[in-house]
Amino acid sequence: MMRSAQREFTGRKMLASMLAFFGVIIAVNLTMATFAGRSWTGFVVRNSYVASQEFNGKVAAARDQAALGWTASLAIANGEVRYGLVDKEGRAVAVRGGTVTFKRPSYEAEDMTVTLTPSHGAEARAEAVVRDGLWIVEVAADVGHASPYREMRRIVVSRGAMQ
């Protein structure tokens, strides 16, 4: 009689342990799936067919831009974004305006776009407080050509300044 009660108790303990173990696993998976669904849509492009059709044109434009041999400078500090270009002979290229888009690599909640306006010299500037962390920065600078000068880079902002 005693052994039967002991086996029943052990069996209930085992069942409770298994339910607790799998309950924790399921709860963690549901929590992680909820966070993933709320933080990133998963979209890289809205329509992959259209993006594939535009690819060759973008490659040609990138080659033409690279042939210019220009060097870009980007500075972020004290609530200000400054962008400038220098040609291959070292002369400043006038930046008439444009946009700078800040994107987080994994979610869109903090993405923002600021508008560049001409500043002293050939640089353009915009007021923007950029939060600390990793960013993908996309610049489209108006330099007087038919299409903007485009640049994309990853940066790290720490204490409000680009590192």
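A short reminder: the numbers here are calculations on the coordinates, not readings from a lab. Values in this document were obtained by computation on a predicted structure and should not be read as measured data. Reconstructed Cβ throughout: ideal geometry from the backbone, glycine too, with neighbour counts over all protein chains shown.
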All-but-one check, Arg63 against (1) outside any loop (DSSP other than H, G, I, E, B); (2) under 27 Å from Gly160 (Cα atoms), failing number (2)
Looking for something within 16 Å of Trp135 (Cα to Cα) and in a strand (DSSP E or B) - is there at least one such residue anywhere in region 84-98? no
If we only count strands (runs of 3 or more DSSP E) wholly inside region 124-163, which ones have 3 or more residues that are more than 25 Å from Val93 (Cα to Cα) and in contact with a Pro (Cβ under 8 Å, 6 or more places away or on another chain)? none
Residues that are of a type outside the set (Val, Ile, Thr), under 30 Å from Gly37 (Cα atoms) and exposed (fewer than 15 other Cβ atoms within 10 Å of the Cβ): does region 85-105 have at least one? yes
